[in-house]
1. Explain nothing, just the number: relative contact order of chain B, from Cα pairs under 8 Å at least 6 residues apart, as a whole percent.
2. Determine Rg/Rh for segment A:110-209; Rg is computed over alpha-carbon atoms and Rh is the Kirkwood hydrodynamic estimate from the same atoms.
3. Over segment B:12-130, what lengths in whole Å, largest first, do the semi-axes of the equivalent ellipsoid take, defined as the square roots of 5 times the eigenvalues of the alpha-carbon gyration tensor?
4. Hey, got a sec? Which GluC sites (Glu not before Pro) in segment B:113-190 land in a DSSP loop and have at most 10 other Cβ atoms within 10 Å?
5. Size of segment A:1-53 along its principal axes in angstrom, Cα-based, largest extent first?
6. Along segment A:85-94, what does the Karplus equation 6.51 cos²θ - 1.76 cosθ + 1.60 (θ = phi - 60°) give for ³J(HN,Hα), rounded to whole Hz, x for Gly and Pro?
7. Limiting things to C-alpha atoms, what are the Rg and the maximum Cα-Cα separation (Dmax) for segment B:99-175, in angstroms?
8. How far is it, in nm, from the label point at residue B:158 to the one at residue A:191 when both lie 7 Å from their Cα along the line to the Cβ?
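No value in this document is a laboratory result; all are computed from the given coordinates. Keep in mind the model is a prediction, meaning the values are calculated, not measured. Cβ: placed from backbone, ideal geometry, glycine included. Neighbour counts: every protein chain shown.
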Amino acid sequence: MKIAVLIKRVPDTASVFAINPDQKSVATDKLKFVMSPYDEHAVEEAIKLKEANGADVVVVSLGPDSAKEVMRTALAMGADEGLLVTGAGTDSLTSKGVAEALAAAVKSIGAELVFAGKQAVDDDASQVAERVAELLEMAHASVVTKFELNGGTAVVNREIEGGSYTLELPLPAVITIEKGINTPRYPTLPNIMKAKKKPIAEKSLADLGLSAEALAPGVVLESLSLPRQNRRNHIIDGDTPARVNELIRLLKEEEKAL
Amino acid sequence: MEKRLAPAPETYEQVTDLFDLDADWSSEQQAIAGRVRKMVDEHFLPIIGQHHNDETYPESILPRIRELGLLELVADDAIDPITYGLISRELDRGGSTLRSLVSVQGSLVMGAIKMFGSEAQKQQWLGPLGRLEQFGCFGLTEPDYGSNPAGMQTRAERTADGYRITGSKCWITNGVRASVAVIWAKLDGQVRGFLVETDRPGFEARHMHGKWSFRASETASLYLDGVEVPETALLPGATSLGRALQCLGQARYTIAWGACGAARGCLEETVKYLKERTQFEGKPLASHQIIQYKLAWMAAEITAMELIAKRLGELKAQGRMKPHHVALAKMNNCRKALEVARTCRELLGANGIHNEYHIGRRMVDLETVVTYEGTEHIHALTLGSTITGIKAFS
């Protein structure tokens, strides 16, 4: 059985973010990149399944050449090979285009089961994997916290507010993974070395029979901005009556709350 | 004015990798260094202060080293010199005792078996040593022969079916928990290496207490009182003192890198402290000129140390590493690391002598590192003879 895991290279959320002067892109020179944390759980789930039932695990990503670094992490965890969709036209796609490219990639490797993190922590769009399922006409379940395989049927638990669904899906299927499902393993140092020798294939949009024009986004990015700090701290000095008077003055004059 | 979120704390690159050297390493090398660093931050730094204080061994780190498969890399030759160097640097950033534990097992014991052992010896020992199921130790230094190992008194004599070894060794890291000891002894006047199981009758390892430095490392004295070993205990390739020194060359390589880590650790902790602690009208200590002057010099020294370690790694990878290269790197980097640690200790004021901070421990441990595996002076003499062509020692 072939399992595809869709993974994304994203900025480490502990990085310091800055917006480029064009206000339309993030300055990447000082960012540290990692595998999107939900995807780590997806990779772990695929490797567990491989260990239990035997399977070929292929990690699939779309991005620049540097996306291979996070693919190597997945290979060091135990995935067998990688497929990177890269090159002209891949850097300006929105979720729709990414999903079409990844769907073509998944189709090209003939995966029966597709895992992905429930969302990527950079744009939080939460839609690529579901779009892939629709494009490939596969069953899908999202935000899954428990996964079992029963022959040709997947049995999953899906988190909902205050409870969970248990769903059965026929394969082929796309499953997006929530954090609590497992604990992603840390690759051992020998496995990090071995991952260097595992293959990562590269395909362009053209290789997948797609064109950049056809995948062009239907939405336009207007501008990006950093979050503002909403809470201000202001400590008022002096004795109690003076502090009360100052507080009332601030609330009236500065904050116009009274 | 619009307020932005406070910036995240600076990364260590800004403090200790000003020349962006780490960016040169392959993504695997960076990933491995990162994994070791994380292990040190999460599992070693939180516990080591207490162990140093109590003179106890940090047992809980052993499963973590096993989990990383760190010594397995060494066992199956899957490691290149730079990767081994980066691992040593990151371990030593936690503590020189941690790096020593790995250097002794990996470079001295497994190194001796790999370089000089028979196929049967490699089969028997490299696996268990690599998985840290067994410990090994390396017995060269003797109570009366430290810098002059050629004078060693330990003797081996032939018996009907092997050898009988008598003598004593001291300052033996991992000696207490070793199941096998690489023992260097004179056989017919020639230095040879033997693999001695430590449960053989007549073998005793005594824990040496009372060290000011390396308190979290188990150091032993070994006593061999007519220990009988079979013919197969002889390391076939270990035919001279030069072979023992070859093992030390490997270990000194890891020390040259380790010293960079110890110095990095000190500077990182000091910069953090100086930015947080305020004196004189609420200004952080880091804002004062005299302090920045010292920080600048330390950053420059660490950069120089790293460049030396990097070059040494390149020479080793190309098979061109000579004893005087190792001597220069070990001599320079250990001394500079100690100077950085002492300066950092001073900059922390009274807090610098308290075990709430790691700097005092790093500083006293570096006193060991300057001395062991060839003292600074011995390395200077090796270099002196290379530079002048005149040996100032016999």
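1. 18 percent
2. Numbers: Rg = 15.9 Å, Rh = 15.6 Å.
Radius of gyration relative to Kirkwood radius: 1.02.
3. That gives 25, 20, 11 Å for the three semi-axes.
4. Numbers: sites: B:119, B:133, B:157; in loops: B:133.
Taking segment B:113-190 and a limit of 10 other Cβ atoms within 10 Å, the loop GluC sites (Glu not before Pro) found are B:133.
5. Result, largest extent first: 51, 19, 14 Å.
6. Result, rounded to whole Hz: 8, 8, x, 3, x, 8, 8, 10, 6, 9.
7. Final numbers for Rg and Dmax: 13.9, 41 Å.
8. Computed distance between label sites residue B:158 and residue A:191 equals 5.2 nm.
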